[in-house]
Amino acid sequence: MKRTQAKAKLWLVNERDEPIMGEGKAALLESIKKEGSLNKACKNVKISYKHAWLLLKEIEESVGEPVIIKKRGGKGQGTLLTEKAINLLEEYNTYQNILAQTVYDKTFWEVIGVKISARNQMKGKIIEVESEGLIAKVKISIEPATITAVITKEAADALSLKKGDKVAAVVKATEVMIGKE
């Protein structure tokens, strides 16, 4: 019997629920950002120059503003992303990371399927959430002790963790994960 697995695709959409970008357009923007050249970016993502222009035009039409700046001649020539494009790319990557932490994390699916043994789960109450840059330290009171889980700030934000929330700490060999009730 073949094992099944979850797959998901992510798209950013505008306020009219029209697609702005998915994996391909995000890869193109990422490559432009890295290379500073549309021509080099096209080679990296293995698409034609004309196709890249069409993709960029689609993004611009979806968001209603330019996503690249072309600089010609001289030392600073090339293709740069606008502030809007940088923000779109960061937003896409944030959602992609959250998706990866859930859909592609086998432990997440074990929790959903209740395949984790009871001894690995401890119910408690959050007594403090401390965010520092990209990480969040979540202190959980589990009588008679307090444990601290270090997770990404994105994960803490996605779960809307706050003081007083009832949570389940899932202990896995080298880490403590959190599931909100």
Against the conditions (1) modelled with pLDDT of 85 or more; (2) surrounded by fewer than 17 Cβ atoms within 10 Å (Cβ to Cβ), where does residue 68 fall short? Just the number, please. (2)
Taking the stated definitions as given, is residue 125 modelled with pLDDT of 90 or more and part of a loop (DSSP other than H, G, I, E, B)? no
Of all residues making up the stretch 25-37, the number that are over 17 Å from residue 90 (Cβ atoms) and crowded, with 19+ Cβ neighbours inside 10 Å: 0
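The values are calculated or read from the model by the stated rules, or taken from the named source; none is laboratory data. As the structure is a computational prediction, the values presented were derived from the model and not from experiment. Positions of Cβ are generated from backbone atoms using ideal geometry, with glycine treated the same way; all protein chains shown enter the neighbour counts.
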